[in-house]
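Heads up: the structure comes next, in structure tokens.
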Amino acid sequence: MDAPLYRMPPEWAPHKATWLSWPHKRESWPGKFEPVPAVFAELASWLSSSEEVHINVLDGAMEADARKLIVDIAHRELRMERIFFHCIPTNDAWCRDHGPNYVCSVSGGTAEKVILDWDFNAWGGKYEPYDDDNAVPSRVAALSGLPVANPAMVLEGGAIDVNGAGLLLTTEACLLNPNRNPSMSRREIEESLGRWLGAEKVLWLGEGIAGDDTDGHVDDMARFVNETTVVIAVEDDPQDENHLPLKHNCRLLESFTDTCGEPLTVVKLPMPEPLYHDGERLPASYANFYIANTVVLVPVYGCSRDREALAVLQSCFPERRVVGVDCRDLVWGLGAIHCVTHEEPLTSACSAPVVP
């Protein structure tokens, strides 16, 4: 029998659910934790209008608090019957990086959904402990009864983005950093991404944005919005520290081609005005949006460029409702909406053609 082939569906493929890990680590938002759970409640409410929402909590008390908060701030879009809680312990709330990575296994003409259990080392060992976060995928797999595979490689979900048609977008700053997989060469990393995610071609960008403690996650600056189109964050102010790295990455994207050798369509997305807290530059970016079945949730920061960013993304997703969510409190934890969400595709996404 041939070895299974794995393919990661793109984020816009049909979802069964979105996964969240409820925030509880106060040190991630020092001196400003209190407003953060309400942001998660707002996200859960919007997402429930689109699909199931599965939330990892530490215990029943946390579940009760989360339920009450979601109901208290609910808007008319809330579908509480679509929200489910699971006692799966976590060290922190960044589900994009520690959550289950769902892929499709195609073998013998049949397709099934598989959870990949990548190794998680808290962005190069920056924050301990991280043992519970590292165990989340296997615990979700046990809960759901899905098969699980371990690629034996450190990888965070925010470090990659796929188009579902053989392209994978990432950064040299993150995936080639020796604090992740020091024994693996660039070629070996590409081969692993090909085997486990279906990447026929890896598109390497350079440095990440200022304030990003992940060593340059791609989801803070460049994202596929369909099979042939990428949005890229740009900073027009030449005095801003993001100007040159983003300009370089934009030029790289404009030079890339798809698996057929055709150029990609590159759409420019503004960066918000610089955001600081206690003198620290925060990794605020509109590129950290999340694509759900019927809505696209976009971080906004109470600045003049919010409206332009929402308009750009609405043009990319004409069939979905683009919603801005105030992330000025959330981003103090050095992440935004994409960082705290993880999609679970429908099994049908493994065999059906994916459309934006």
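Each reported figure results from applying straightforward, stated rules to the coordinates on display, with no laboratory input. Just so we're clear, the structure is a prediction, and the values are computed from it rather than from any experiment. Quick reminder, even Gly has a Cβ in these numbers, built from the backbone with ideal geometry, and neighbours come from all protein chains shown.
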Label point 7 Å beyond Cα of residue 110 along Cβ direction - residues of the stretch 1-42 with amide nitrogen under 18 Å
1-7
Just report the Cα centroid separation between the stretch 1-57 and the stretch 181-205, whole Å.
25
Connecting every pair of Cα atoms under 10 Å apart in the chain and solving the GNM, the largest mean-square fluctuation among 335, 157, 125 falls on 125
Pairs to check: 32/126; 32/68; 113/201; 113/247; 126/268. Give those whose C-alpha atoms are more than 27 Å from each other in this structure.
113/247; 126/268
Descending semi-axes in whole angstrom, ellipsoid equivalent of the chain, from the Cα gyration tensor
27, 26, 20
Name the cysteines of the chain that stand alone by the Cβ rule: no other cysteine Cβ under 4.7 angstrom.
87, 95, 174, 250, 260, 303, 316, 327, 339
Counting only residues 5 or more places away or on other chains, whose amide H sits under 5 Å from the amide H of residue 267 once H atoms are built in the peptide plane?
230, 231, 232
Amide H to amide H under 5 Å from residue 20: which residues, 5+ apart in sequence or cross-chain, H placed 1.01 Å off N in plane?
54, 55, 56
For the chain, what is the percent of antiparallel DSSP beta bridges, rounded to the nearest 5?
45
Net charge over other residues, Cβ less than 9 angstrom from the Cβ of residue 231 (K, R count +1; D, E count -1)
+2
Would you please state which residues of the stretch 253-296 a label at residue 172 would reach in this model, taking the label point 7 Å out along Cα→Cβ and a backbone N cut-off of under 16 Å?
253-256
Between the stretch 127-160 and the stretch 241-309, the alpha-carbon center distance in angstrom
27
Measuring from label point to label point, each 7 Å out along Cα→Cβ, what is the residue 303 to residue 59 span in nm?
4.1
List the residues, sorted by chain then number, that are 5 or more residues from residue 296 or on another chain and whose placed amide H is less than 5 Å from its amide H.
321, 322, 323
Residue by residue through the stretch 75-90, the couplings from Karplus 6.51 cos²θ - 1.76 cosθ + 1.60 with θ = phi - 60°, in Hz, x for Gly and Pro, are 10, 5, 7, 4, 10, 4, 5, 9, 9, 10, 10, 9, 7, 10, x, 9
Please give me the summed charge of the neighbours of residue 40: other residues whose Cβ is under 15 Å from its Cβ, Lys and Arg +1, Asp and Glu -1.
-1
Which trypsin sites (Lys or Arg not before Pro) in the stretch 70-127 pass both tests, a DSSP loop state and at most 11 other beta-carbon atoms within 10 Å?
76
